[in-house]
């Protein structure tokens, strides 16, 4: 019997994943990750991880599998929380869920599991793993989950071949309603439990409140940039090369206060992110205001009216070499090579047609259509059909 250690989070997905593994004849062990107990940073008055670990224990008990809790809070603080603060201070917007999978679940947690003699690590993610033979070698594929509404392949976009080799995703072939139905049939305590909205394995976190406890508030101005400002109607210059054009299309527009008008105050530019609409507390505009850029040096938030404001829209982005990652190492592009893909820049976004252009210093992702709020620090992931083949941090 192959031994599988599953990350039991106290949610319905991992509960059903554990049940299915047991049905498939694996020796299953449930492990709950405790990722937080720093009371100096109060996250919320509730203590969700206690309830979650309790639910995970009840599920393990019901399924008749061994269960224990591992404390990874030190590594979590170091690798996720400190990184997030650092990114926010730089005016970038990190994605903690992608990082948690790369750094915690499929690294720290996986090492613990392998030390406990596990052949595989399993999670309750809605995605699938494929295996193909190429040049006499086994190559692992990260495939989208069957439930298009729940597909979580994007969150795993930083996984490597080594990590995939040791991973199992038991519910990837199922839809959410099917998963809930199995949990109800098996009388699992998590059958009707709502999906968690917080940071992975920590629970309810109000990110701005959490950050504000560490990043000191600093009053600054909210500036509205009109749609018809000259910077948006420049005629595109002539380019000597495709790379020059891509550099132009993905450039960061530099705004200044003189281009617009001050419409309000804020408590710190580093609390805001591109495309954000809530929390500006500025009324009286015809269309709602959206953040089109933040300047953390000058502590200014630049905004524009409406979803179609030109400050929100771009057709290309850049990923530098050191933040470029290929799940499929056999498909890595060499300088000057291109690849036609489907790509997304955030979790719930439908896949968009794009072309990858590899250049000396990194890679451009050029979209067929305009994308809204391409945000530095977030991840872009690219797919061939339903296979996620690579990703990178938007720079």
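None of the figures in this text is laboratory data; all of them are computed from the coordinates on show. If you're wondering where the values come from, they're calculated on a predicted model, not measured in any experiment. A quick note on method: Cβ atoms are made from the backbone with ideal geometry, for glycine too, and the neighbour counts reach across all protein chains shown.
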Among beta bridges that DSSP assigns inside the chain, antiparallel share in %, nearest 5: 75 percent
Value of D in µm² per second that Stokes-Einstein yields for region 313-393, Kirkwood Rh from Cα pairs, at 4 °C (1.567 mPa s): 104 µm²/s
Principal axis lengths of region 244-395 from Cα atoms, whole Å, largest first? 53, 28, 25
So for region 3-212: antiparallel DSSP bridges make up what percent, rounded to the nearest 5? 40 percent
Given region 42-131, what whole percent of its Cα pairs are spread farther than 23 Å? 38 percent
Average projection area in nm² (convex hull over Cα atoms of the chain, one quarter of hull surface): 21.1 nm²
What ranking of 110, 363, 33, 1 emerges when the number of other C-beta atoms within 10 Å of each C-beta is taken as an exposure proxy, fewest first? 1, 110, 363, 33
Given all pairs of distinct Cα atoms, region 3-212 yields a Kirkwood Rh in Å of 17.6 Å
MRE, 222 nm, helices only [DSSP H, n ≥ 4, -39500 (n - 2.57), over the chain, to nearest 500]: -5500 deg cm²/dmol
In whole Å, what is the distance between the alpha-carbon centres of region 56-80 and region 253-291? 41 Å
Exposure proxy check on 182, 171: fewest-to-most Cβ neighbours within 10 Å is 182, 171
Per 0.36 nm of contour for each residue apart, how much would the distance between residue 137 and residue 233 grow if the chain were fully extended, relative to their Cα-Cα spacing? 29.3 nm
When only C-alpha pairs under 8 Å and at least 6 residues apart count, what is the relative contact order of region 106-172, in percent? 40 percent
Any idea what the relative contact order of the chain is, in percent, if you count C-alpha pairs under 8 Å spaced at least 6 apart? 16 percent
Neighbouring Cβ atoms within 10 Å as the yardstick, rank 70, 59 fewest first. 70, 59
Let me check against my output: what whole-number percent is the relative contact order of region 3-212, with C-alpha pairs under 8 Å and at least 6 apart? 28 percent
Using square roots of five times the C-alpha gyration tensor eigenvalues, list the equivalent-ellipsoid semi-axes of region 45-85 in whole Å, biggest first. 27, 13, 6
